[in-house]
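Step one of this worksheet: look at the structure below.
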Amino acid sequence: MTEPKLEVIEEETNETPKTNGNAPNLYEKVLEGCRLNVKMASQNEWRQAEIISRCRAPNGSMKFYVHYVDCNRRLDEWVQADMLDVSTLRMPQKGGKKGAHLKEENRDSSEAEAKRTGRKRKIPLVPMDDIKQEPADQNQPIPAVTSGSTPSLRGSMSMVGHSEDAMTRIRNVECIELGRSRIQPWYFSPYPQQLTSLDCIFICEFCLKYLKSKTCLKRHMEKCAMCHPPGNQIYSYDKLSFFEIDGRKNKSYAQNLCLLAKLFLDHKTLYYDTDPFLFYVLTEEDEKGHHIVGYFSKEKESADEYNVACILVLPPFQKKGYGSLLIEFSYELSKIEQKTGSPEKPLSDLGLLSYRSYWSMAIMKALFKFKRSRPNEDITVQDISLSTSIKREDVVSTLQQLDLYKYYKGQYVIVISDEKRQVYEKRIEAAKKKTRINPQALLWKPKEYGKKRVSIINLLDSITIVLILNFFQAQITF
């Protein structure tokens, strides 16, 4: 009687698997690209994971860097060999081109994560696939939704076709100290290699310079004259401030900010040319100065009408409403510019949730306001877009997500049930107690960077013409 084949157990279980701890050679079979069940330290449960890298510790034991399948990469971690359930090991498939099986395994994980987070990759995905399309007249054109086109790479800091290089998939910084907080990073960031090998990188919370030790930080703080970010303070209200920083004028600070942000942003690639960008840094003020909470950046000139390139709230300040505050501020700037705007795609999973929450509240508030002020008039998507500065495509996608966009008698109409109206009226009332942007405290005027460049070119042309005329006049006189 032949022994039954050992089947791979895919179910998650909290029971400890039976593994042979006295067989170190068992773990030699666990290679990059393999999948097996791993005990997740943070949740104390077993999940299927992909091996990204492995190394041998000084004491001879094996360590493995794993990515948990269908989980965000910020949960990736180094685990000891005894955290692996080797009985569930799935080797990369044989056959085909060399390395092709590894790419297929990675792609499965990447596609699942991309569908959940909205991230775009080289593999074509259907945009907004979580929005139910109206099963109406198939010949009736559906209003525009968010385009699946590839974002511009003109210094946009976006990365389409996320790099699958193993080195950049491994979190390379164990810990940073920023102000009063010690933070464990989520992702790779290209800090100097001599610093990434240390247990902790120390960062000045005012100029964002990175240092190798607490002693170096103390010496730096004695010399650092900054007590707030550089640039112009364009907003100050209730101990919260926004500073506008030009990436060309404050290059060192802007690059340090990008390095810091990359520790917590997986869907962006670091772009050292900060000249085309403006950075808006949100700070909390106390007796020692203005402490960075988060920021967003935007292109000085965006052909795609993006009003945000990157957006981040640092982990110690998350779940305090600062994400909504950053988003609201970006749209207040768009209102002053008299433009509609949209965040640059793709958004992270947390970013997408924050934007959907903001769009829902802003659009519902606009609808209620229109209903009170114009009870007998039709309200169009364009009206909502102009009122909120939210781009038309984002208005439509939000209405679809809220199931308010209905096909009725040959046209699309916005339908709000009494139940949904009551729910949002309560939410809007509750939101009044939260920290909000006070438009009266915003002192800012938009700059016309394109016109300035044209003016300089025209000035140079005028100088050239004058020089040519002077040259010919000199020739005639001679």
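What follows draws every value from the coordinates through simple rules; no lab data is involved. Since this is a predicted model, take the numbers as computed values, not measurements. Counting neighbours? That spans all protein chains shown, and the Cβs are built from the backbone with ideal geometry, glycine included.
In table form, for the structure just shown:
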| item | result |
| --- | --- |
| Exposure proxy ranking, count of Cβ atoms within 10 Å, fewest first, for Thr388, Thr398, Thr215, Thr435 | Thr215, Thr435, Thr388, Thr398 |
| Of Lys209/Lys391; Lys262/Lys339; Lys319/Lys369; Lys39/Lys420; Lys39/Lys298, pairs whose Cα-Cα distance is over 31 Å | Lys209/Lys391; Lys39/Lys420; Lys39/Lys298 |
| Mean-position separation - Cα centroids, region 336-389 and region 269-322, in angstrom | 21 |
| Residues Lys369, Lys445 arranged by fewest to most Cβ contacts within 10 Å | Lys445, Lys369 |
| Rg to Rh, two decimals, where region 166-346 supplies the alpha carbon set and Rh follows Kirkwood | 0.95 |
| Backbone HN-Hα couplings from phi across region 248-255 [Karplus 6.51/-1.76/1.60, Hz, Gly and Pro as x] | 7, 7, 10, 4, 4, 5, 4, 5 |
| Of Lys365/Lys445; Lys288/Lys365; Lys335/Lys371, those spanning more than 30 Å from alpha-carbon to alpha-carbon | Lys288/Lys365 |
| Contour excess over end-to-end distance, with Cα ends at Asn232 and Thr196 and 0.36 nm allotted per residue | 9.7 nm |
| Relative exposure of Asp275, Asp76, Asp199, judged by other C-beta atoms within 10 Å (fewest first) | Asp199, Asp275, Asp76 |
| For peptides 43-53, 250-260, sequence by mean Cβ density within 10 Å, most packed first | 250-260, 43-53 |
